[in-house]
Amino acid sequence: AKADGRKHERFFTSEMASRIQARHALEADLRLALHSDEFELHYQPLYDLRQQRICGFEALVRWNHPTRGRVPPMEFIPLAEEVGLVVDIGRWVLRKACREAACWPEGIKIAVNVSAIQFTSSNLLADVDEAIAEAAISPARLELEITESVLMENLDDTLPILHALKERGIRISMDDFGTGYSSLSYLSSFPFDKIKIDKSFVCGIAENKEAYAIMHAIILLGDALGMRVTVEGVETAEQKSLLESEECDEIQGYYISPPAPAADVARLLLASRSG
Ligand code: C2E
Ligand code: CA
Ligand code: CA
Ligand code: CA
């Protein structure tokens, strides 16, 4: 048994060492990525269920690594948060998204994800003001998507920033709603303009009564609190039509369109208007 244990130990040690090495390599590459112009934004439509057309886009960052190809945000955003790089990346995303949205029709909103780190270790307000001024867009077109962790970090520091953003006319959405352990209590801490119900809740709604009941209840809750309700991860026509019979304002998901390069936005808007 003892020999076995040693074997495991060695195995884990070398595996851990190579994992740490890979992480360091990725971190080094991440530090260069911004200056080497390796980031790009893709845009996924937000689809208004009443108007039956696209009403905005969410900006989703893409890292085109020179040798690894495309690295998913789930792999590098958490790393960027840990090493503080998410502040610079986040500033770049804000500026780029506002500049690209400036070319779209006035009524089309732009949603940008903001990490908790940006609230605590950057001058988020100044960054947002600069991005809006530089692009010359109305603040009312900008939506910032935050997860519960943003609030959890430090409510006393974050709340004044959120209120200042709202005073500017910027909208605040609670992202991934339902996944945090205390989502409900956070709903009363701040007047969110929108909740985005996490995609994990949409999966079974067409097949299973219980999943549908939960979705129904969350939508009613958001609606009762006067928030716009978006359901993420809508992948089928059946899910879309089920949500049409609910007090759901917007959907987002592969059924409408996967995230697409900025060059595709005009085509998506055109198709959404004629369709
Ligand atoms: P998120 O903010 O919840 O973004 C939605 C994610 O769901 C995106 O993944 C999108 O591609 C994916 N998705 C969209 N429709 C569907 C669908 O119908 N089915 C399924 N299964 N998935 C769908 P993506 O682009 O890989 O981004 C993952 C996460 O990375 C985002 O989750 C967000 O938390 C983070 N992220 C992306 N861009 C940024 C950014 O610029 N800044 C920050 N701080 N985080 C970002
Ligand atoms: Ca989001
Ligand atoms: Ca989400
Ligand atoms: Ca409503």
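FYI, it's all coordinate maths here, none of it is from the lab. Bear in mind that the values here come from a model prediction, so they are computed numbers and not experimental data. Virtual Cβ from ideal backbone geometry, glycine too; neighbours counted across all protein chains shown.
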Worksheet item: What do the square roots of 5 times the Cα gyration tensor eigenvalues come to for segment 53-138, in whole Å, largest first, as semi-axes of the equivalent ellipsoid?
Response: 23, 17, 11
Worksheet, complete the sentence: Nearest 10, in degrees from 0 to 90: the angle of helix 86-101 to the longest Cα principal axis of the chain is 30 degrees
Fill in: Kirkwood hydrodynamic radius of the chain, Cα pairs, Å
20.2 Å
Practice prompt. Restrict the search to segment 46-141; then list the GluC sites (Glu not before Pro) that DSSP places in a loop and that have at most 11 other Cβ atoms within 10 Å of their Cβ.
Written response: E106
Worksheet item: Where in segment 142-157 does the amide nitrogen come within less than 16 Å of the point 7 Å from the Cα of A164, taken along Cα to Cβ?
Response: 154-157
Practice prompt. Send over the Kirkwood Rh of segment 87-128, from the inverse of the averaged 1/r over different Cα pairs, rounded to one decimal Å.
Written response: 11.0 Å
Practice prompt. Quick one: among L220, L32, L142, which has the greatest mean-square fluctuation in a GNM of the chain with alpha-carbon springs under 10 angstrom?
Written response: L32
Discussion item. Please report the antiparallel percentage of DSSP beta bridges with both residues in the chain, rounded to the nearest 5.
Written reply: 45 percent
Item to complete: With runs of 4+ DSSP H residues as the only contributors, calculate the mean residue ellipticity of the chain at 222 nm using -39,500 (n - 2.57) per run, divided by the residue total and rounded to the nearest 500.
Response: -15000 deg cm²/dmol
Discussion item. What whole-number distance in Å separates the alpha-carbon centres of segment 21-62 and segment 211-275?
Written reply: 20 Å
Worksheet item: Angle between the Cα long axis of helix 155-167 and the longest principal axis of the chain, 0 to 90 degrees, nearest 10?
Response: 40 degrees
Item to complete: Mind pulling the angle between the C-alpha long axis of helix 209-224 and the longest principal axis of the chain? Nearest 10 degrees, somewhere in 0 to 90.
Response: 70 degrees
Practice prompt. Calculate the dipole size of the chain relative to its Cα centre from +1 charges on Lys and Arg beta carbons and -1 charges on Asp and Glu beta carbons; express the result in debye to the nearest 20.
Written response: 580 debye
Worksheet item: If you count the DSSP beta bridges with both ends in segment 20-131, what percent of them are antiparallel, to the nearest 5?
Response: 75 percent
